[in-house]
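A.B. asks: Next up is a structure, given as structure tokens.
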Amino acid sequence: HRNDRAPDGVLRTPLDKVGGATANRHLTGVPDARGQLAADGNRGTAWTSPFVDAVGSVLSVPLDGSEVHALRMQQTVDSLHSLITRVRVQIGENTYDLTVPPPDADGASLLSVPEAATGDSLTLAVTAIEPRTTIDRRFGEPTTLPVSIRELSAPAIVLPAYGVDPEDVCDDTLVT
């Protein structure tokens, strides 16, 4: 079997796109919740954090080197997810602590970057959430629901593409 708990960067099949965003963590056991899906040009897919560990989750997103003035972040807004309320964005040498405006009816918030920044990558770290909870089915205790980004967009973001990853090698973390 494929190990669905494998690191974000190795959870792909030959039919998946290569490149794009990665995450330091994703919803445990759900390969379709990996970081690449937060910035893939498809609002029908999403990156989802683990339960409890949403704060501290980090997306790393490749950029084309052009200026970033703002980011549009579309979250999953429903009773099954917490909401992101603050993020730390790093672009090149610039770091910004930003408040995420309340999402509109479609889950979108516009994050304005205080001064245009350039770089070859962007990191977005979740620093605060509006927690929503559920009862853990194993222990009967309240647990914080994950956050989910359906799309992070800006003209400078490099989307994943179909192709062969030049670093494809046999990876035994995918097999249990």
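A.B. asks: Whether any residue in the stretch 88-97 is within 11 Å of the chain's Cα centre (by Cα) and acidic (D, E) is what I want to check. Quick ask: steps written out before the conclusion?
C.D. replies: Initially, the stretch 88-97 is screened for residues within 11 Å of the chain's Cα centre (by Cα), giving none.
Checked against the condition, which is being within 11 Å of the chain's Cα centre (by Cα) and acidic (D, E), the stretch 88-97 yields no hits at all.
A.B. asks: So, in the stretch 52-66, of the ones that are of a type in the set (A, V, I, L, M, F, W, C) and outside any loop (DSSP other than H, G, I, E, B), which residue ends up farthest from H81 (Cα to Cα)? Even if it seems obvious, please write down each step before you answer.
C.D. replies: Taking the stretch 52-66 first, the residues of a type in the set (A, V, I, L, M, F, W, C) are 52, 54-55, 58-59, 61, 63.
Still in the running and outside any loop (DSSP other than H, G, I, E, B): 58-59, 61, 63.
Working: V58: 17, L59: 18, V61: 22, L63: 28 Å.
For the stretch 52-66, the residue satisfying everything is L63.
A.B. asks: Among the residues of the stretch 37-54, count how many are small (G, A, S) and surrounded by fewer than 16 Cβ atoms within 10 Å (Cβ to Cβ).
C.D. replies: To start, the set of residues in the stretch 37-54 that are small (G, A, S) comprises 38-39, 41, 44, 46, 49, 54.
Narrowing further to those that are surrounded by fewer than 16 Cβ atoms within 10 Å (Cβ to Cβ): 41, 44.
So the count comes out to 2.
A.B. asks: Being part of a loop (DSSP other than H, G, I, E, B) and either out of contact with any Phe, Trp or Tyr (no Cβ under 9 Å at 6 or more places or on another chain) or modelled with pLDDT of 95 or more (or both) narrows it down to one residue among R150, R88, R138, R72; which is it? Reasoning before the result, please.
C.D. replies: Values: R150 fails: part of a loop (DSSP other than H, G, I, E, B); R88 fails: part of a loop (DSSP other than H, G, I, E, B); R72 fails: part of a loop (DSSP other than H, G, I, E, B).
Selected residue: R138, the only one of R150, R88, R138, R72 that is part of a loop (DSSP other than H, G, I, E, B) and either out of contact with any Phe, Trp or Tyr (no Cβ under 9 Å at 6 or more places or on another chain) or modelled with pLDDT of 95 or more (or both).
A.B. asks: I'd like to verify a number: residues in the stretch 99-146 that are small (G, A, S) and touching a residue at least 40 places away in the same chain (Cβ under 8 Å), how many? Can you show your working first?
C.D. replies: Just the residues of the stretch 99-146 that are small (G, A, S), to begin with: 105, 107-109, 112, 116-117, 119, 121, 125, 128, 140.
Restricting the remaining residues to those that are touching a residue at least 40 places away in the same chain (Cβ under 8 Å) gives 107, 112, 116-117, 119, 121, 125, 128.
Total meeting the criteria: 8.
A.B. asks: Testing R132 on (1) of a type outside the set (S, T, Y); (2) surrounded by 15 or more Cβ atoms within 10 Å (Cβ to Cβ); (3) modelled with pLDDT under 95; (4) over 21 Å from A39 (Cα atoms), one condition comes back false. Which one is that?
C.D. replies: (3)
A.B. asks: Checking the conditions here, which among P14, P31 is open to solvent by 70 Å² or more (accessible area, probe 1.4 Å), at pLDDT below 90 and either among the hydroxyl-bearing types (S, T, Y) or more than 21 Å from S121 (Cβ to Cβ) (or both)?
C.D. replies: On inspection, the qualifying residue turns out to be P14.
A.B. asks: Any residue that is at positive phi and open to solvent by 10 Å² or more (accessible area, probe 1.4 Å) - is there at least one of those in the stretch 96-117?
C.D. replies: Taking every residue of the stretch 96-117 in turn, none turns out to be at positive phi and open to solvent by 10 Å² or more (accessible area, probe 1.4 Å).
A.B. asks: Then there is this: Of the residues L124, L63, L110, which is modelled with pLDDT of 95 or more and touching a helix residue (DSSP H, G or I) at 6+ places or on another chain (Cβ under 9 Å)?
C.D. replies: Answer to the check: L124.
The values are calculated or read from the model by the stated rules, or taken from the named source; none is laboratory data. Remember, it's a predicted structure, so these values are computed and weren't measured experimentally. Cβ sites come from the backbone with ideal geometry, for glycine too, and all protein chains shown count toward neighbours. The protein model used for the area step is the full one, side chains on, heavy atoms only, and it has no ligands, DNA or RNA in it. Shrake-Rupley method; radii C 1.70, N 1.55, O 1.52, S 1.80 Å.
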